[in-house]
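Presented below is the structure to which this report refers.
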Amino acid sequence: MRINYDLSDLQAFLAVKSTGSFHSAATELSLSQSAVTRRLQKLEDALDVTLFERTTRSVKPTLAAKRLEPRARAILEDATQTVRAMRDESVAFAHQRNLVITVACIPTIIASTMPHTLTLFREGGTDIRVRFLDLSSNDVSEAIKGGDADFGISSLPASDPELLFEGLFEDEIVLVTPKDHPLSQAPSVSLNDIQDEPLILSARKTGNRMLIDDALARLANGPHWTYETERATTALALVAGGAGIALLPRSLVQTANGERVSWRRLEDAGLARPIGLVSRRDKAESAAISRLKQAIKTTCFQKLR
């Protein structure tokens, strides 16, 4: 059976039934009288009944109208409750969602930025929880574009019209050695000075490795890696254990245990990656997200520039 009427037709019927007038029903519904008439005719055609006996002086409900009235009221009440329930659930879901901010972040800068950032963010009190996704640079961009993260902290992504990059600082690639290594005491260090050392590098898929490989390729007899790790933190641990030396971001090694490793700037290497906030251009942000971003900017300005 096909249903050829809708809720607005039932509303028109009940308005006419309760007021006893097409004119009054039109006023109550903020419609024209002809619009109310059309809705009643549509309902009568769909139900194949006559609902009102119309004269020039009165509108009298038929038996069919009296039988339809309680059913129509029940249908509209059920529809109203459904709308209210869905809106309540939507508001509750939005509230719950807004209690959590998800940040996609390359792991190497979490230790140097987040402890101080979160202290600033929580000053004055807040119920907001923060979830971190520690990902590679490419995966940070994909998480933001796919809606899995509210924003990210990453090195400069490939040109993408969907993403906005706000620079925070230049993260220099430095030489990291065991504390007692001869290079830790040298007046200056260059890439040519490390070619005979066991070199630890991050995996090729990382943005850091791309910078380093480009720099090494410019040397006639540049150093080659001895150990390769998936994460920079693993490379740092190997250096601390005396397995070799590594080229790592300064933001990471600044938070390392100074009793076991040292770091030096590389002369004339020019190795640095731009770090910044990555967001979707078309996504509005909540006040809480704006506050967290501002705390990150303050931290980077105070500690990492």
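Structure notes:
- Ordered from largest to smallest accessible area (heavy atoms of protein chains, 1.4 Å probe), the residues GLU230, GLU172 come out as GLU230, GLU172.
- Between 0 and 90°, nearest 10: helix 63-98 axis offset from the chain longest Cα axis: 10
- Relative contact order [Cα under 8 Å, 6+ residues apart], the chain, whole percent: 20
- Taking every DSSP helix (H) stretch of at least 4 residues in the chain, weighting each as -39,500 (n - 2.57) and dividing the sum by the residue count yields a mean residue ellipticity at 222 nm of -14000 deg cm²/dmol.
- Residue among PHE165, PHE132, PHE22 with the largest mean-square fluctuation in a Gaussian network model of the chain, springs linking Cα atoms under 10 Å: PHE22
- Listed options for log10 I(q)/I(0) by the Debye sum over Cα atoms at q = 0.07, 0.10, 0.13, 0.15 Å⁻¹ are (i) -0.50, -0.67, -0.92, -1.09; (ii) -0.37, -0.70, -0.98, -1.14; (iii) -0.26, -0.55, -0.95, -1.28. The value calculated from this structure is the one marked (i).
- Ligands, DNA and RNA left out, the 1.4 Å accessible surface of the chain is 49% carbon and sulfur atoms.
- Å² per residue, accessible surface of region 200-239 at 1.4 Å: 57
- Lys/Arg +1, Asp/Glu -1 at C-beta; the chain dipole; positive extreme among ILE109, THR62, ILE173: THR62
- Between 0 and 90°, nearest 10: helix 33-47 axis offset from the chain longest Cα axis: 90
- Given charges at beta-carbon only (K, R positive; D, E negative), |dipole| of region 172-259 in Debye: 260
- Charge dipole magnitude, Cβ of K and R +1, D and E -1 - region 77-218, Cα centre, debye nearest 20: 200
- GNM flexibility winner over the chain from VAL59, VAL83, VAL261 (Cα, springs under 10 Å): VAL59
- Think of each Lys and Arg Cβ as +1 and each Asp and Glu Cβ as -1; about the Cα centre, that makes the dipole of the chain roughly 1440 debye.
- Mean accessible surface per residue for region 13-81, computed with a 1.4 Å probe while every protein chain stays in place, in Å²: 63
- Share antiparallel - DSSP beta bridges, the chain, percent rounded to 5: 60
The values are calculated or read from the model by the stated rules, or taken from the named source; none is laboratory data. Remember, it's a predicted structure, so these values are computed and weren't measured experimentally. With ideal geometry, Cβ positions are generated from the backbone for all residues, glycine too; neighbour counts draw on all protein chains shown. Surface areas here come from the heavy atoms of the whole protein model, side chains and all, with no ligands, DNA or RNA. Shrake-Rupley method; radii C 1.70, N 1.55, O 1.52, S 1.80 Å.
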